[in-house]
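What follows is one structure encoded as structure tokens, with my remarks underneath.
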Amino acid sequence: MIPPKELLRFLQKENNFVIAAHISPDGDALGSSIALSMALESLGKKTIVYDKDPVPEFYKFLPGSERFTNSLSTLNSQLSTLVLLDCNDAERAGIEKLQFASSAVIDHHETARDFGDVKWIDPKSPATGLMIFYLIKELGVTVTKEIAANLYTAIAIDTGTFRYSNTTPDVLRVSAELIEAGADPSCIAENLYETWTDNRFRLLLKVLNTLEIYNDIAITHVTLDMFRGAGAAISDTETFPEFPRKLKSIKISALFREIENNHYKISLRSKGRDVNVAKIAEMFGGGGHSNAAGCKIRADFKAAKEALLKAVREIA
């Protein structure tokens, strides 16, 4: 994997960067952002690491997670350079109203938008974190223990900790190099999968009790009242779509998360290469990867569910 020379020149030339990731950040977005920030600062650059949403509690073990800010109110964007990570749409990062001096996009999603002066979008890459690894190496930056932990987490999250079909030989080779640089797989796995709060677990129980199965499609949902009743946060639902997918008979799992009255954010997951859920999400203005995508539908739950099922029948 070779980063574009134009991107390398862009990062070498500029000195003040805003590194931004998508709203509701996952481990790939967070780990990639922190690692790039550390790498650029080692070269004498200045960085601000931004996400509209706070870092979820279960990702605060990442070294450097405190770098994130969710406010750019004092930023003079005309003097700053933007690097948009793990998405390619300014609106997806909540920065569509800001105008930067110049911008670059580094992403691996299938659905691309026309944003960024410099673009490196590689849908074949298993994770943005893998792209950042090669970028850092090309910049001549040493991969420290802290950078390694962030990139290992980024890659692990988007490959299902090396369980998904996007786990390539390159993923394993790079992960081994990150371990040699100081990433601790056991510690990272424990923080990712074995540090749930009681509130998060209670919410999962509520969500699993909403399970509906339509042939090989599993649908679950979470309402605002369920969040309040469990005392859980929106970020707590990150892995929830994975659970119904564990059933042998299920090809697609869809989690409907209520954003506001009659408005739902839908997280889609599929198995193997039979169904591309990114294509389904695109029908509603969303996007993502072949096996993991998302979109929003403004309707009551029954109508939203029927609209999604109709879209699945057309695509699958």
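Go through (1) modelled with pLDDT under 90; (2) surrounded by fewer than 22 Cβ atoms within 10 Å (Cβ to Cβ) and name the single condition His109 misses.
All conditions pass for His109, except number (2).
For (1) farther than 21 Å from Ile155 by Cα; (2) of a type in the set (Lys, Arg), each residue gets a yes or a no:
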site	(1), (2)
Ser33	no, no
Ile48	yes, no
Lys60	no, yes
Ser65	no, no
Glu91	yes, no
Glu110	no, no
Gly116	yes, no
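Quick check on the range 248-264. Is at least one of its residues out of contact with any helix residue (DSSP H, G or I) (no Cβ under 9 Å at 6 or more places or on another chain) and surrounded by 15 or more Cβ atoms within 10 Å (Cβ to Cβ)?
Within the range 248-264, not a single residue is out of contact with any helix residue (DSSP H, G or I) (no Cβ under 9 Å at 6 or more places or on another chain) and surrounded by 15 or more Cβ atoms within 10 Å (Cβ to Cβ).
Do we find a residue being assigned by TED's automatic domain parsing to the domain that holds Ala311, part of a strand (DSSP E or B), farther than 16 Å from Glu306 by Cα and modelled with pLDDT under 95 anywhere in the range 262-284? Lay out the reasoning, then the answer.
The first filter runs over the range 262-284 and keeps only residues assigned by TED's automatic domain parsing to the domain that holds Ala311, leaving 262-284.
Then keep just the ones that are part of a strand (DSSP E or B); that gives 263-270.
In the following step, the residues that additionally are farther than 16 Å from Glu306 by Cα were identified as 269-270.
Going one step further and asking which of them are modelled with pLDDT under 95, we end up with 269-270.
Checking the range 262-284: at least one residue is assigned by TED's automatic domain parsing to the domain that holds Ala311, part of a strand (DSSP E or B), farther than 16 Å from Glu306 by Cα and modelled with pLDDT under 95.
Among (1) within 17 Å of Leu30 (Cβ to Cβ); (2) in contact with a His (Cβ under 9 Å, 6 or more places away or on another chain); (3) crowded, with 22+ Cβ neighbours inside 10 Å, where does Gly94 come up short?
Exception for Gly94: condition (3).
If only one of Ala20, Ala39 is closer than 26 Å to Val174 by Cα, of a type outside the set (D, E, K, R), at pLDDT 95 or above and part of a strand (DSSP E or B), which one is it?
Numbers: Ala39 fails: part of a strand (DSSP E or B).
Result: Ala20 is the single residue among Ala20, Ala39 that is closer than 26 Å to Val174 by Cα, of a type outside the set (D, E, K, R), at pLDDT 95 or above and part of a strand (DSSP E or B).
Just for the range 55-88: of the residues that are of a type outside the set (A, V, I, L, M, F, W, C), touching a residue at least 60 places away in the same chain (Cβ under 8 Å) and in a loop (DSSP other than H, G, I, E, B), which one is farthest from Ala29 (Cα to Cα)?
This residue is Ser80.
Of the residues that make up the range 233-251, is at least one within 25 Å of Ala189 (Cβ to Cβ), of a type in the set (Lys, Arg) and part of a strand (DSSP E or B)? Working first, answer last.
First, the residues of the range 233-251 that are within 25 Å of Ala189 (Cβ to Cβ): 233-248, 250.
Checking which are of a type in the set (Lys, Arg) leaves us with 245-246, 248.
From what is left, the residues that are part of a strand (DSSP E or B) are none.
Within the range 233-251 (the criterion being within 25 Å of Ala189 (Cβ to Cβ), of a type in the set (Lys, Arg) and part of a strand (DSSP E or B)), the answer is no, since none of the residues qualifies.
The values are calculated or read from the model by the stated rules, or taken from the named source; none is laboratory data. Not measured: the values here are computed from a predicted model. All Cβ positions, glycine included, derive from the backbone under ideal geometry; neighbour counts span all protein chains shown.
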